[in-house]
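Worksheet: the structure to be examined is printed underneath.
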Amino acid sequence: MAPRTRSKHDVVVKPKFLFCCKCFRTSLKRAENSGLGGPLRIDCVMDAESSILCKQCSGRKAICETFPASMLGDCYDFAAILESCKDFWKATDETGNEYWADEIKSAVFRSQIKLAKGLMAVLEAHRRTHGFTETKKEQSKNVRLVILYLTYRYRFANDVQDIPNKYEKFLAIRRSLCIAVPYPGEDGTAQQWNDYHSVGFLRLLPGDVGYIAWASARIAFFESVCNAIEDHYGPDANTDPAEVEEMTEDFHSRLVEWESVYPLAKPKV
Ligand SMILES: [Zn+2]
Ligand SMILES: [Zn+2]
């Protein structure tokens with residue numbers, strides 16, 4: 001039998017934040033091992049006409065893994081942070097030269113990888129907390145319990161069947177805490193769409209597993225970029241006194257630029 005071919009759209013779509021978690025892992029691993037200079041890109045491609053699978057999962061005969069609905073806002077924030085960094089690679093000065101030094105690009109790229117690893121760790125912990133996935137230890141424990149159930153009609157299976165309902169109930173409670181933002185529709189402005197996406201999605205809350213880790217990862221990201229800018233452009237003990245004022249001005253304006261494009265408020269931890 002001839003192999004089935006995947007019918008494709010003429011235009012491929014690369015989701016900016018609703019990417020498949022498996023592509024997130026692959027892209028992160030590739031970025032860590034590539035030795036290239038960034039920026040970090042999550043390569044997930046939706047190109048099929050009649051399949052719900054992304055290109056990578058289709059090729060691997062795997063099932064896509066979506067971000068849990070209870071963390072969509074965190075994923076959106078992560079994508080917004082990556083987007084806010086694009087000028088480090090694109091901006092030019094009035095003479096057409098690159099505005100940011102290669103050292104800054106490398107520092108931002110390294111920080112992006114750390115941020116992504118932080119989100120990945122929190123994602124895995126969140127999935128385990130809500131029963132989406134299990135550690136190898138838990139898997140072997142559950143296998144033993146299922147064997148016990150099959151042998152003695154132990155009622156362990158009821159708990160397993162309850163898991164999706166428990167998560168749905170958790171989502172319903174969380175959604176009731178959200179501020180309702182109406183769907184902007186065709187005439188929605190960019191601001192309305194941003195509000196819809198940034199406010200309407202669920203995020204981890206203080207007290208949730210991983211909340212502090214994710215908040216800390218975002219703080220560390222923002223601060224590490226500030227530090228890189230200061231280290232590279234700010235005056236130090238060896239700076240010629242005649243250049244200190246000009247360097248300080250340049251360093252401050254670069255810092256203000258970075259702060260103005262960074263999309264999130266600093267979380268309190
Ligand atoms: Zn994908
Ligand atoms: Zn996928």
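The values are calculated or read from the model by the stated rules, or taken from the named source; none is laboratory data. In this text, all values refer to a predicted model and were calculated from it rather than measured experimentally. Cβ sites come from the backbone with ideal geometry, for glycine too, and all protein chains shown count toward neighbours.
Would you check if there is a residue in the range 31-53 being within 14 Å of ligand 2 (Cβ to nearest atom), under 21 Å from VAL122 (Cβ atoms) and in contact with a Leu (Cβ under 6 Å, 6 or more places away or on another chain)?
no
Kindly indicate the residue of the range 166-185 that is of a type in the set (Gly, Ala, Ser) and not in a helix (DSSP H, G or I) and also farthest from HIS130 (Cα to Cα) among those meeting that condition.
Here the residue is GLY185.
Which one of these does ILE81 not meet: (1) more than 14 Å from ligand 2 (Cβ to nearest atom); (2) under 24 Å from LEU204 (Cβ atoms); (3) not assigned by TED's automatic domain parsing to the domain that holds CYS226?
(3)
Mind counting the residues in the range 192-212 that are surrounded by 16 or more Cβ atoms within 10 Å (Cβ to Cβ) and in contact with a helix residue (DSSP H, G or I) (Cβ under 7 Å, 6 or more places away or on another chain)?
Selection size over the range 192-212: 7.
Identify the residue in the range 49-61 that is under 18 Å from SER27 (Cβ atoms) and not hydrophobic (A, V, I, L, M, F, W, C) and, among all such residues, is surrounded by the most Cβ atoms within 10 Å (Cβ to Cβ).
Across the range 49-61, the extreme among qualifying residues is LYS55.
I'd like the full set of residues that are within 14 Å of ligand 1 (Cβ to nearest atom) and β-branched (Val, Ile, Thr), limited to the range 8-22.
Those that are within 14 Å of ligand 1 (Cβ to nearest atom) and β-branched (Val, Ile, Thr): VAL12, VAL13.
Quick one: count up the residues across the range 225-256 that are surrounded by fewer than 16 Cβ atoms within 10 Å (Cβ to Cβ) and either closer than 23 Å to LYS86 by Cβ or aromatic (Phe, Trp, Tyr) (or both).
Residues flagged as surrounded by fewer than 16 Cβ atoms within 10 Å (Cβ to Cβ) and either closer than 23 Å to LYS86 by Cβ or aromatic (Phe, Trp, Tyr) (or both) within the range 225-256 amount to 9.
I'm told PHE251 meets every condition in (1) outside the structural domain of TYR167 (by TED's automatic domain parsing); (2) assigned to a helix (DSSP H, G or I) except one. Can you identify the failing condition by its number?
That leaves (1) as the condition not met.
The rows are residues; the columns are (1) of a type in the set (Val, Ile, Thr); (2) touching a residue at least 60 places away in the same chain (Cβ under 8 Å); (3) part of a helix (DSSP H, G or I).
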{"position": "LEU18", "(1), (2), (3)": "no, no, no"}
{"position": "CYS23", "(1), (2), (3)": "no, no, yes"}
{"position": "LEU28", "(1), (2), (3)": "no, yes, yes"}
{"position": "GLU32", "(1), (2), (3)": "no, yes, yes"}
{"position": "ASP43", "(1), (2), (3)": "no, no, no"}
{"position": "SER51", "(1), (2), (3)": "no, no, no"}
{"position": "LYS61", "(1), (2), (3)": "no, no, no"}
{"position": "CYS64", "(1), (2), (3)": "no, no, no"}
{"position": "GLU83", "(1), (2), (3)": "no, yes, yes"}
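Among the numbered criteria (1) away from ligand 1 (no atom under 11 Å from the Cβ); (2) under 26 Å from ARG218 (Cβ atoms); (3) in a loop (DSSP other than H, G, I, E, B); (4) not basic (Lys, Arg), which single criterion is violated by THR5?
Going through the list (1) away from ligand 1 (no atom under 11 Å from the Cβ); (2) under 26 Å from ARG218 (Cβ atoms); (3) in a loop (DSSP other than H, G, I, E, B); (4) not basic (Lys, Arg), THR5 breaks only (2).
Among the residues of the range 249-259, are any at pLDDT below 85 and under 30 Å from SER70 (Cα atoms)?
no
Quick check on my filter: what residues within the range 23-53 are near ligand 1 (Cβ under 8 Å from one of its atoms) and touching a helix residue (DSSP H, G or I) at 6+ places or on another chain (Cβ under 6 Å)?
Of everything in the range 23-53, those that are near ligand 1 (Cβ under 8 Å from one of its atoms) and touching a helix residue (DSSP H, G or I) at 6+ places or on another chain (Cβ under 6 Å) turn out to be CYS23, ASP43, CYS44, VAL45.
May I ask you to verify whether CYS75 is within 16 Å of ligand 2 (Cβ to nearest atom) and farther than 30 Å from GLU257 by Cα?
no
Out of everything in the range 78-107 that is hydrophobic (A, V, I, L, M, F, W, C), under 20 Å from ALA265 (Cβ atoms) and in contact with a helix residue (DSSP H, G or I) (Cβ under 9 Å, 6 or more places away or on another chain), what residue ends up being surrounded by the most Cβ atoms within 10 Å (Cβ to Cβ)?
That would be PHE78.
Can you work out which of the residues in the range 196-220 that are of a type in the set (D, E, K, R) and under 18 Å from ILE81 (Cβ atoms) is modelled with the lowest pLDDT?
ARG203
Of the residues CYS21, CYS64, which is within 9 Å of ligand 2 (Cβ to nearest atom), buried (at least 17 other Cβ atoms within 10 Å of the Cβ) and under 11 Å from the mean Cα position of the chain (by Cα)?
Answer to the check: CYS21.
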